[in-house]
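First the structure, in the form of structure tokens, and then the observations on it.
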Amino acid sequence: MTLILRDVELAGRRTDVAVSGDGRVSATGRLRPGPRDTLVEGRGGALLPGLADRHVHLLALAKSLESVDCGPPRIRTAEALADALRARATATAPDAWIRGVGYHESVAGALDRDRLDAMVRRPAVRVQHRSGALWTVNSAGARVLGLDEPGLPLPGGVERDAGGRATGRLWRVDSWLRRRMGPSTAPDLAAVGRLYASYGVTAVHDATPELEDDTVAELSRALTDGRLLQRVTLLGAGRPPRPGEERWERGPYKLLPPDHDMWTYDELLCRVRAARGSVGRPVAVHAVTREALVLTLVVLREAGPVPGDRVEHAAVAPPELLPQIRELGVRVVTQPGFIAERGDTYAAEVEPDDLPHLYPYASLLAAGIPVSPSSDAPYSSPDPWAAVRAARDRRTPAGRVLGPGERVRASAALTGFLARPAVGPGDDADLCLLHVPWRVACEDPDAGLVRMTVCRGRVVHGGLSD
């Protein structure tokens, strides 16, 4: 059976597109449906080659959909945070965990175990900072993790006060935390697949570093059994797919130098060279400060750049560094949504010298640097259409325009989200059909414009009769 998309806008002209049963685009032009074909009237809506979110954390996003929202805009005061955690506690078994996400200091200052105890003593609570770098647990959580056990070896990211007592603050120790907590119920990756399908997203890059084999296996199972509908690239997978895991591919290797305790030049260089190995694998280096970006560029020059090298975030990229980025051929994967969601906090907290160069976009394009917008979900909204609006407007929650010179046209940001440049015969049928033409979509970008999403030739969002 063939799916015929009739009268769709493709590359600026109206045509028909056929999707064959093997999940590929089989033909374009004026087509005559057969008696067994399925016909969809496009009515001039733009047919896109699917959207791609090139920086997301799939399992964290799935868990966030099941977690307590602990930060702005929903939670803005300590009282509201306490009420939200206590409400969840009443519905949580005594031996289970309460998981909170999205916390920011503007709500109740710097959290520690004592402040969380004052809100919820039982059960165990862990709250993630919206940066993703920090977890804070209450005393019940500290006991479960063994933070107070004499002689128990703990990673360096377990913070202690002047008296040697664990504060409950855990910096970038996610792998250790998962091991200490033991087996847990896998989050609902099907919900993530459906959510992304509703946005027209057909491909995602999971940017979680140092993925363990059991995590890779869970993601692979979710792809095989259809819970995850999108094509998935894993940046943190150290190994290539094994037989039976062909539905994901390995991308540039993610390197995550800690923001608060940066790696030395030698350590980052060693890690880049290790990633290169015998196959010359590119790297995706996390850099959110000016210093981190400088270090990354110097190391990449020493190691020798390879096609596919990326800088994740480049949150502060002053003009004097742009020629070096261009010369190295490095792609910048940016997150415009952070300006829309956190811009007022940035305006108050970011160094004045860095603020004009915060999450640049237009200047990167002008310098000839390839740029891919992304979400970093769950640390920003996974909605790519919201990110397109953010890239166009750069408007903070309070209405301030932050970095007006870095605004780009919605068409440029939406083009950056495309999974590939075009749709043509022989291509994989990963498609996004809009209700409206491209020009109209760029005038008012919104997820509500997505009429149908097709992944591997199968309709995964939107009814055939819509």
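Segment 159-201 gives an Rg/Rh value of 1.27, both radii derived from C-alpha positions and Rh following Kirkwood. Note on Gln324 and Arg143: the model spin-label points, each 7 Å out from Cα along the C-beta direction, lie 5.1 nm apart. For segment 277-283, putting each phi into the Karplus relation 6.51 cos²θ - 1.76 cosθ + 1.60 with θ = phi - 60° gives couplings of x, 8, 10, x, 5, x, 10 Hz, in residue order, rounded to whole numbers and with x for Gly and Pro.
The value for segment 189-312 of Rg(Cα) / (2.2 N^0.38 Å) is 1.15. For segment 1-60, the calculated P(r) over all alpha carbon pairs, in 10 Å bins from 0 to the bin holding the longest distance, is 22, 44, 19, 13, 2 percent. For the chain, DSSP calls about 45 percent of its internal beta bridges antiparallel.
Listed peptides 267-274, 53-60, 302-309 appear in the order 53-60, 267-274, 302-309 once ranked by packing, highest mean of other Cβ atoms within 10 Å at the front.
In Å, the Kirkwood hydrodynamic radius of segment 320-466 over pairs of distinct alpha carbons? Result for segment 320-466 stands at 16.7 Å. Sorting 99-106, 27-34 by their mean Cβ neighbour count within 10 Å, with the most densely packed peptide first, gives 99-106, 27-34. Gain on full extension, evaluated as 0.36 nm per residue between Glu105 and Asp69 minus their Cα-Cα distance, stands at 11.6 nm. Computed from the C-beta positions of Glu443 and Arg43, the FRET efficiency with R₀ = 22 Å rounds to 0.80. In a simple Cβ point-charge model (Lys, Arg +1; Asp, Glu -1; nothing else charged), segment 1-87 has a dipole of about 320 debye relative to its Cα centre. Any idea what log10 I(q)/I(0) is at q = 0.16, 0.17, 0.18, 0.22 Å⁻¹ for segment 1-146, Debye with uniform C-alpha scatterers and no solvent? Log-scaled intensity ratios, in q order: -0.77, -0.85, -0.94, -1.32.
Run the Debye formula on the Cα coordinates of segment 257-399, all scatterers equal and no solvent, and tell me log10 I(q)/I(0) at q = 0.21 1/Å. Those come out to -1.34, one per q.
What the Cβ-Cβ distance of Ser198 and Arg86 gives, at R0 = 30 Å and to the nearest 0.05, is a FRET efficiency of 0.40.
Can you give me the distance in nm between label points at Arg122 and Ala191, each placed 7 Å from the Cα along the Cα-to-Cβ direction? Label at Arg122, label at Ala191, 2.7 nm between them.
Answer rounded, prolate or oblate for segment 167-231, using the Cα gyration tensor with square roots of eigenvalues a ≥ b ≥ c: rounded when a/c is under 1.5, else prolate when a/b is larger than b/c, else oblate. Note, shape of segment 167-231 comes out prolate.
The simple Förster model, with R0 at 30 Å and r as the Cβ-Cβ distance, assigns Thr224 and Arg36 a FRET efficiency of 0.60. How would you classify segment 248-314 from its alpha-carbon gyration tensor, with a ≥ b ≥ c the square roots of the eigenvalues: rounded for a/c under 1.5, else prolate if a/b is greater than b/c, otherwise oblate? Prolate, because a/c is 1.5 or more and a/b exceeds b/c. Pairs of Cα atoms in segment 349-435 fall into 10 Å distance bins, from 0 up to the last occupied one, in shares of 15, 42, 31, 9, 3, 0 percent. Compactness of segment 63-184 was expressed as the Cα radius of gyration divided by 2.2 N^0.38 Å, which yields 0.99. So what does log10 I(q)/I(0) come out to for segment 111-166 at q = 0.17 Å⁻¹, using the Debye formula with one equal point on every Cα and no solvent? The computed values of log10 I(q)/I(0) come out as -0.54.
Restricting the calculation to Cα atoms, the chain yields a radius of gyration followed by a Dmax of 23.1, 79 Å. DSSP finds beta bridges in segment 1-85, and of those with both partners inside it, around 65 percent are antiparallel. With the highest mean first, a sort of the peptides 416-428, 335-347 on other beta-carbon atoms found within 10 angstrom per residue produces 335-347, 416-428. The separation of segment 287-358 from segment 93-141, counted between C-alpha centres, amounts to 30 Å.
Normalised size of segment 135-255, defined as Cα radius of gyration per 2.2 N^0.38 Å with N residues, equals 1.30.
Laboratory data are not the source of any read-out in this text; all were calculated from the coordinates shown. Keep in mind the model is a prediction, meaning the values are calculated, not measured. Here Cβ is always computed from backbone atoms with ideal geometry, including for glycine, and neighbour counts include all displayed protein chains.
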